[in-house]
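The values are calculated or read from the model by the stated rules, or taken from the named source; none is laboratory data. As the structure is a computational prediction, the values presented were derived from the model and not from experiment. FYI the Cβ positions are ideal-geometry reconstructions off the backbone, even for glycines, and counts take in every protein chain you see.
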Amino acid sequence: MNENPFHKLAPFIQEYIYTHAWSELRAVQVEACRVIFETDADLLLATGTASGKTEAAFLPVLTSLHNDPPATIGVLYIGPTKALINDQFIRLNDLLKEADIPVWHWHGDVSQSSKNQLMKSPKGVLQITPESMESLLINKGTQLVRMFGDLRFIVIDEVHVFMGSDRGRQVLCQLQRLARFIRTQPRRIGLSATLGDYTQAENWLKSGTDRSVVTPKVEVKQQTIRLAVEHFFVPKPNSAKEESKENADFDHPYFKYIFETSRARKKCLIFANSRGETESVIATMRQIAEVQQAADIYHVHHGSIATPLREAAEDAMRDSDKPAITAATVTLELGIDLGQLDRVLQLGTPLTVSSFLQRLGRSGRRGQPSEMWCVHDEEERTGKELIHDQIPWRLLHCIAVIQLYLEERWIEPIRSVGYPFSLLYHQTMSTLASLGELSPAALAQRVLTLPPFSQVSEDDYRELLQHLIEIQHIQQTDERGFIVGLVGEQIVRNFRFYAVFPDSDEFSVKNESKEIGSITAPPPVGERFALAGRTWEVLDIDLKRKVVYAKRIRGKVPVSWANLNGDNIHTKILQRMRTALFEDVEYAYLQTGARTRLKEARWLARHAAIDKHNVVALGGNSYCLFPWTGSSPYETLRRCLRFACKSLGIVNLDGYSPYFITLKVDNDGLDEINRSITALSSKHIRPDDLVSPADLPNIILLEKYNQFVPDNLLLKGFAHDHLDVVEMEQLLRNWH
């Protein structure tokens, strides 16, 4: 840009910059102004957390709206969570206080009166979730042109969260469907702090359009980071009374370490990989604080916590005058501004480099170093464990994630999906609900041309439609057109239909009239459960309304959720784990326990010759395979052993994905196992050969609407999107 972009910005934005004492625009903001003001391209802003991406997008966009006011909503902002939208809503309102550009947010927690006000005069900026956008497409079809006819920009926040997921593919469908209504393609702006492959992200952002994408290459000063990783052995669970287990928590070094490390800073965010872990750790921290007569400064933040309690946690973290500690899942992994966080604690392993970066980036704002302490627990050993059970897999995983970022700044690429049949069902039903009767050809033309379905054949779609007729989700009229059927009507007209992620059929928990959150399986009246970091006793259960009435009591109990984390671990992480296990390098961030545990694991691995062999004999006719490969090729190899190596006589096949596979054969055959596995690379195995009808119950659970998809389409989709024969064959060529 030849001149200072500041002088091109709208007067109210210049005033905002003066008022907030900005000394200059950041490099990413200058580059964003250049792209928006001087080109017609889409824009991808991929810079670190707290680098000013949101302002970089909105400063030129709002200037454009100020200079040439649109006749309808001018900017559509799509965010992954209601919390992030609420946060950005406040930030934008602050920026636009002196401008005649209204900002609206639209999701399940926004009042109907606010939505009605927008509908009366659709102007300015609309911030919305994908689920509420789906609702608009279905229920406001006749008003979409009046709302968005002069739409100029679409901003998609946290692009990396959407890419590679059915929810992100849903967004791409929505943008294309909206473009057909308004007969134009607004410019798109994507924001992300954790992208590895910019080309992949650019292609995703422009899906369904012919517009080019510009990703400014902005040099950002590398922020100082402080890392620590510690490891503890914890007692194996037993059948002892719960009270005994609770008392043991107070004195255990693992919990003492978390207590002291989190309270050593004024603001600390504790990340866990499940809701259950967040509840358990906060309940224990509160008990320790009570024993030590320390202040209760604890909060919990996850998807099953009631909105007021989540907001209270966010407010406590923003309050610069008081200390606060909050345990959270991915709900606080995204870009909500929590002010100056001093430290992040990670319980266990951030399973991906992307997640590690997001969580690390929550601390260290306002120019301070980012700080993360990873705390690992492992069950105490008896000394009789087999070699694969003596390796600290999660600790190695954590080291690999950290090293891949420190050494290469590497982030996982997004896994592509060619057959999203669950989403295909959803968009078929949504299109019919929105437009009414369509001929088979018109329906196919509208749905199959949506970007996510480019690999789906007409024959596959015909089979899906025939199946939907049979189960009465759609029906044919006398004119041979398709409409939503009687059974389909019950699904489409339910508000849960708008989401493509699986429903959690949960019970609302209330303490008198105050909502606390929700749980999946309420215990009987008189029993206890954990929620919001506290313990509750069930007073009554309203099964019809799905409400649990409870009172708060003291103590600690087990949590109510299973960990359904479905991360697909990349092969590069497994390969770096192998290197960490066998290289003679001391990592400076390892604390005493972790350093000792790694040293012990290295001795064990070398003693078992795992560095020289992929297969190790366990005794008898049992063996352990160490593939050192990612989740998809791991699962492919496991299935090959089951389907293609029948000559081995495998009588038992087990493992811990994606770390190792154990098997027992009916003959003594280490050499035969290696020969059979190596031979797999020349058998020209097809993915379809590795699935069977016995897989259907588990496949149906993978996506929300798989239950309405024909069986053979589900098997086809799983085989091609979840298995990786090519990478498995590459692995086998180096098998030893």
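Can you list residue pairs whose Cβ atoms sit under 9 Å apart, with the first residue in segment 717-736 being at positive phi and the second being part of a helix (DSSP H, G or I)? Count only pairs 6 or more apart in sequence or on different chains.
none
Read through the list (1) touching a residue at least 60 places away in the same chain (Cβ under 8 Å); (2) closer than 25 Å to PRO69 by Cα, then give the number of the only condition that ARG169 fails.
Just one mismatch for ARG169, condition (2).
Is at least one residue of segment 600-622 in a helix (DSSP H, G or I), outside the structural domain of THR261 (by TED's automatic domain parsing) and polar (S, T, N, Q)? Write out each step before concluding.
Within segment 600-622, the subset in a helix (DSSP H, G or I) is 600-607.
With outside the structural domain of THR261 (by TED's automatic domain parsing) added as a condition, the list becomes 600-607.
Subset that is polar (S, T, N, Q): none.
No, every residue in segment 600-622 fails to be in a helix (DSSP H, G or I), outside the structural domain of THR261 (by TED's automatic domain parsing) and polar (S, T, N, Q).
Does any residue of segment 508-518 turn out to be touching a helix residue (DSSP H, G or I) at 6+ places or on another chain (Cβ under 9 Å), modelled with pLDDT of 95 or more and at positive phi?
Step one: list which residues in segment 508-518 are touching a helix residue (DSSP H, G or I) at 6+ places or on another chain (Cβ under 9 Å), which gives 514-517.
Add one more test, that the residue is modelled with pLDDT of 95 or more, and what stays is none.
No, that holds for no residue.
Just a yes or no: is a residue in segment 115-132 modelled with pLDDT of 95 or more, part of a helix (DSSP H, G or I), of a type in the set (Gly, Ala, Ser) and buried (at least 19 other Cβ atoms within 10 Å of the Cβ)?
The answer is yes, given that some residue of segment 115-132 is modelled with pLDDT of 95 or more, part of a helix (DSSP H, G or I), of a type in the set (Gly, Ala, Ser) and buried (at least 19 other Cβ atoms within 10 Å of the Cβ).
Can you tell me which condition GLU407 does not meet? The list is (1) under 30 Å from LEU450 (Cβ atoms); (2) modelled with pLDDT of 95 or more; (3) of a type in the set (D, E, K, R), and all the others hold.
All conditions pass for GLU407, except number (1).
Exactly one of these conditions fails for THR428: (1) in contact with a helix residue (DSSP H, G or I) (Cβ under 9 Å, 6 or more places away or on another chain); (2) modelled with pLDDT under 90. Give me its number.
Unmet condition: (2).
Here are some conditions: (1) within 30 Å of TYR498 (Cα to Cα); (2) among the charged types (D, E, K, R); (3) part of a helix (DSSP H, G or I). ASP109 meets all but one. Which one does it not meet?
Among (1) within 30 Å of TYR498 (Cα to Cα); (2) among the charged types (D, E, K, R); (3) part of a helix (DSSP H, G or I), the lone unmet condition for ASP109 is (3).
Can you name the condition, by its number, that VAL75 falls short on among (1) within 12 Å of VAL155 (Cβ to Cβ); (2) in a loop (DSSP other than H, G, I, E, B)?
VAL75 satisfies all of (1) within 12 Å of VAL155 (Cβ to Cβ); (2) in a loop (DSSP other than H, G, I, E, B) except (2).
Is it the case that some residue within segment 694-712 is buried (at least 19 other Cβ atoms within 10 Å of the Cβ), out of contact with any helix residue (DSSP H, G or I) (no Cβ under 8 Å at 6 or more places or on another chain) and modelled with pLDDT of 90 or more?
The answer is no, given that none of the residues of segment 694-712 is buried (at least 19 other Cβ atoms within 10 Å of the Cβ), out of contact with any helix residue (DSSP H, G or I) (no Cβ under 8 Å at 6 or more places or on another chain) and modelled with pLDDT of 90 or more.
Picking from LEU696, LEU713, which residue would you name as being touching a residue at least 24 places away in the same chain (Cβ under 8 Å) and of a type in the set (A, V, I, L, M)?
Details: LEU696 fails: touching a residue at least 24 places away in the same chain (Cβ under 8 Å).
None of the others qualify; the one that does is LEU713.
With assigned by TED's automatic domain parsing to the domain that holds TYR461, crowded, with 18+ Cβ neighbours inside 10 Å, at pLDDT 95 or above and over 29 Å from ALA532 (Cβ atoms) as the only criterion, which of ILE474, ILE491 stands out?
Values: ILE491 fails: assigned by TED's automatic domain parsing to the domain that holds TYR461.
Sole residue among the options that is assigned by TED's automatic domain parsing to the domain that holds TYR461, crowded, with 18+ Cβ neighbours inside 10 Å, at pLDDT 95 or above and over 29 Å from ALA532 (Cβ atoms): ILE474.
Please find, among LEU731, LEU690, LEU715, the residue that is buried (at least 16 other Cβ atoms within 10 Å of the Cβ) and either over 22 Å from THR678 (Cα atoms) or polar (S, T, N, Q) (or both). Before you say what the answer is, go through the steps one by one.
Details: LEU731 fails: either over 22 Å from THR678 (Cα atoms) or polar (S, T, N, Q) (or both); LEU690 fails: either over 22 Å from THR678 (Cα atoms) or polar (S, T, N, Q) (or both).
Sole residue among the options that is buried (at least 16 other Cβ atoms within 10 Å of the Cβ) and either over 22 Å from THR678 (Cα atoms) or polar (S, T, N, Q) (or both): LEU715.
State which residue is nearest to ARG263 (Cα to Cα) when the search covers only segment 316-350 and only residues that are in contact (Cβ under 8 Å) with a residue 60 or more places away in the chain and part of a helix (DSSP H, G or I).
Residue satisfying both the conditions and the ranking: LEU332.
What single numbered condition from (1) acidic (Asp, Glu); (2) modelled with pLDDT of 95 or more; (3) out of contact with any helix residue (DSSP H, G or I) (no Cβ under 9 Å at 6 or more places or on another chain) fails to hold for ASP42?
(3)
Out of curiosity, is ALA83 under 28 Å from ASP210 (Cβ atoms), of a type outside the set (Ser, Thr, Tyr) and in contact with a helix residue (DSSP H, G or I) (Cβ under 7 Å, 6 or more places away or on another chain)? Before the answer, list the steps.
Details: under 28 Å from ASP210 (Cβ atoms): no; of a type outside the set (Ser, Thr, Tyr): yes; in contact with a helix residue (DSSP H, G or I) (Cβ under 7 Å, 6 or more places away or on another chain): yes.
Spelling it out, it is not the case that ALA83 is under 28 Å from ASP210 (Cβ atoms), of a type outside the set (Ser, Thr, Tyr) and in contact with a helix residue (DSSP H, G or I) (Cβ under 7 Å, 6 or more places away or on another chain).
Run down ARG177, ARG169 and say which single residue is buried (at least 17 other Cβ atoms within 10 Å of the Cβ), over 29 Å from GLN358 (Cβ atoms) and at pLDDT 95 or above. Give the derivation first.
On the way: ARG169 fails: over 29 Å from GLN358 (Cβ atoms).
The unique qualifying residue is ARG177.
Select from segment 219-267 the residues that are among the hydrophobic types (A, V, I, L, M, F, W, C), at pLDDT 95 or above and farther than 18 Å from LEU395 by Cα and list them in ascending order.
Hit for segment 219-267 is PHE259, nothing else.
Regarding segment 197-216, can at least one residue be identified that is surrounded by fewer than 20 Cβ atoms within 10 Å (Cβ to Cβ), in contact with a helix residue (DSSP H, G or I) (Cβ under 8 Å, 6 or more places away or on another chain) and basic (Lys, Arg)?
Within segment 197-216 (the criterion being surrounded by fewer than 20 Cβ atoms within 10 Å (Cβ to Cβ), in contact with a helix residue (DSSP H, G or I) (Cβ under 8 Å, 6 or more places away or on another chain) and basic (Lys, Arg)), the answer is no, since none of the residues qualifies.
On the given criteria, is GLU463 farther than 23 Å from MET133 by Cα and of a type in the set (D, E, K, R)?
Details: farther than 23 Å from MET133 by Cα: yes; of a type in the set (D, E, K, R): yes.
So GLU463 passes the test.
Would a scan of segment 524-539 turn up a residue that is crowded, with 19+ Cβ neighbours inside 10 Å and assigned to a loop (DSSP other than H, G, I, E, B)?
Scanning segment 524-539 turns up at least one residue that is crowded, with 19+ Cβ neighbours inside 10 Å and assigned to a loop (DSSP other than H, G, I, E, B).
Hey, any hits in segment 71-94 for a residue that's surrounded by fewer than 21 Cβ atoms within 10 Å (Cβ to Cβ) and more than 20 Å from ILE128 (Cα to Cα)?
No, because not a single residue in segment 71-94 is surrounded by fewer than 21 Cβ atoms within 10 Å (Cβ to Cβ) and more than 20 Å from ILE128 (Cα to Cα).
Conditions: (1) part of a helix (DSSP H, G or I); (2) under 22 Å from LEU341 (Cβ atoms). ARG34 meets all but one. Number of the miss?
(2)
What pairs can you find where one residue is in segment 186-198 and among the acidic types (Asp, Glu), the other is surrounded by fewer than 21 Cβ atoms within 10 Å (Cβ to Cβ), and their Cβ atoms are less than 6 Å apart, with a gap of 6+ or different chains?
ASP197/PRO413
What's the total number of residues in segment 467-500 that are part of a helix (DSSP H, G or I), touching a residue at least 12 places away in the same chain (Cβ under 8 Å) and over 30 Å from ASP109 (Cβ atoms)? Spell out the reasoning first.
If we filter segment 467-500 for residues that are part of a helix (DSSP H, G or I), which is where we start, we get 467-470, 486-492, 495-498.
Then keep just the ones that are touching a residue at least 12 places away in the same chain (Cβ under 8 Å); that gives 467-469, 486-488, 491-492, 495, 497-498.
From what's left, over 30 Å from ASP109 (Cβ atoms): 467-469, 486-487.
So the count comes out to 5.
Count, please, the residues in segment 274-315 that happen to be in contact (Cβ under 8 Å) with a residue 40 or more places away in the chain, touching a strand residue (DSSP E or B) at 6+ places or on another chain (Cβ under 6 Å) and not in a helix (DSSP H, G or I).
Adding up the residues that qualify gives 6.
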